[in-house]
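**Q** Have a look at the structure that comes next, please.
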Amino acid sequence: MNNNVLIFTDLDGSLLDKKKFHFTKAKKYIKELISKDVLIIPNTSKTENEIKLFLKELNLKLPFISENGSEIHNINLIKKKFPKKITLARTKKIIYKIFEKNTDKTILDKCDFVYKMSKRNQTKVLGLKGKKLQASLKRKFTFPFIFKGSLAQKNSLLRNSSKLGISIQEGGRVMNLGDKVNKGLASRKVIKILKKLILLQKL
């Protein structure tokens, strides 16, 4: 591994404009960093398909972490013997089953899941349309939703989910139901793998 600097970065509000999801201003800087052997790893709530679209527009191949730390992708680009994919989370089907079975119905009814919305409302909530909206909806591990209950109900929802061994993470536009993983956990997993590689290179 020749990279001396490693940067984990979110996309929304970091490399992407918050409102229109454009990356024009960041594009030149990203490519400049990569040319200087800086390893950049996007680490975001976005899906695998969304990040692939982003990288395609940049004309780049990078390792990345999808769906709030649920899965690590393409670290084989750093070293061929590394796996192409490392899954840290259980599937969304398992998570939703736990959530639905163990959440009070009055609170469950306050959760407006994006996948159940009309396409028009999905666009309104996520700020996406066309291919980007479709890529956002192809989730393997998480369920974005809008919570329409009171603050007390929301706090109860968060406490209960933590007890169940699942998590609800709050983003700028939506809340995300998923497994008990996060971006920090996934970042530490990547760093642990890279540290092993550095140690082996020193032997």
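The values are calculated or read from the model by the stated rules, or taken from the named source; none is laboratory data. Every value quoted in this text rests on a predicted model; they were computed, and no experiment measured them. Cβ: placed from backbone, ideal geometry, glycine included. Neighbour counts: every protein chain shown.
Residues are listed down the side, and each one gets a yes or a no for (1) farther than 12 Å from Gly178 by Cα; (2) at pLDDT below 95; (3) out of contact with any helix residue (DSSP H, G or I) (no Cβ under 6 Å at 6 or more places or on another chain):
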| position | (1), (2), (3) |
| --- | --- |
| Phe82 | yes, yes, no |
| Ile94 | no, no, yes |
| Ile107 | yes, no, no |
| Cys111 | yes, no, yes |
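**Q** Any chance you could count how many residues in the range 123-133 are more than 24 Å from Lys183 (Cβ to Cβ) and part of a helix (DSSP H, G or I)?
**A** Here the count works out to 4.
**Q** Could you please let me know if Ser118 is among the small types (Gly, Ala, Ser), surrounded by 16 or more Cβ atoms within 10 Å (Cβ to Cβ) and over 24 Å from Phe82 (Cα atoms)?
**A** So Ser118 fails the test.
**Q** Can you tell me which residue among Ser156, Ser136 is hydroxyl-bearing (Ser, Thr, Tyr) and under 13 Å from the mean Cα position of the chain (by Cα)? Please lay out each step first, then the result.
**A** Working: Ser156 fails: under 13 Å from the mean Cα position of the chain (by Cα).
Selected residue: Ser136, the only one of Ser156, Ser136 that is hydroxyl-bearing (Ser, Thr, Tyr) and under 13 Å from the mean Cα position of the chain (by Cα).
**Q** Moving on to the next point. Would you check which residues across the range 29-87 are β-branched (Val, Ile, Thr) and in a loop (DSSP other than H, G, I, E, B) and list them? Don't jump to the end; show me each part of the working.
**A** First, pick out the residues of the range 29-87 that are β-branched (Val, Ile, Thr): 30, 34, 38, 40-41, 44, 47, 51, 65, 72, 75, 78, 86-87.
Scanning the range 29-87 gives Thr44, Thr47, Ile78.
**Q** While we're here: Considering only the range 28-60, state which residues are within 13 Å of the chain's Cα centre (by Cα) and either touching a residue at least 60 places away in the same chain (Cβ under 8 Å) or surrounded by fewer than 20 Cβ atoms within 10 Å (Cβ to Cβ) (or both).
**A** Within the range 28-60, Ile41, Asn43, Thr44, Ser45, Lys46, Thr47, Glu48, Asn49, Glu50, Lys52 meet the criteria.
**Q** Tell me whether the range 73-80 contains one or more residues that are assigned by TED's automatic domain parsing to the domain that holds Leu194, among the aliphatic types (A, V, I, L, M) and under 22 Å from Lys131 (Cα atoms).
**A** no
**Q** Can you name the residue in the range 85-100 that is touching a Leu at 6+ places or on another chain (Cβ under 9 Å) and among the charged types (D, E, K, R) and, of all such residues, is surrounded by the most Cβ atoms within 10 Å (Cβ to Cβ)?
**A** Lys92
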